[in-house]
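Following: one structure in structure tokens, then a few remarks.
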Amino acid sequence: MKPNDRSLEHRQQALPDKLREACHVLQRFEQRMILISHRSDQIAFKMQQIRKDIQQSMHGHSNQP
């Protein structure tokens, strides 16, 4: 085997390794984004509840003499 053949073989193996690593990084980012999205939904829901509570308390005060 010539030295050039080895470097070609190494490059051919390095590409799948790099692609596998890239897929792993993308998967981690994807999981992070899903978690962030879930947390954002929870925060939005809490904010909606607080807003409704405020609106209800404002209506309650306006009905009193």
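The values are calculated or read from the model by the stated rules, or taken from the named source; none is laboratory data. Note that the structure is predicted; figures quoted are calculated from it, not measured. These accessible areas exclude ligands, DNA and RNA; they are computed on the full protein's heavy atoms, side chains included. Shrake-Rupley method; radii C 1.70, N 1.55, O 1.52, S 1.80 Å.
Data table
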{"read-out": "Residue check for ALA44: open to solvent by less than 80 Å² (accessible area, probe 1.4 Å), modelled with pLDDT of 95 or more and in a helix (DSSP H, G or I)", "value": "yes"}
{"read-out": "Which listed residue, of GLN31, GLN55, is open to solvent by less than 100 Å² (accessible area, probe 1.4 Å) and assigned to a helix (DSSP H, G or I)", "value": "GLN55"}
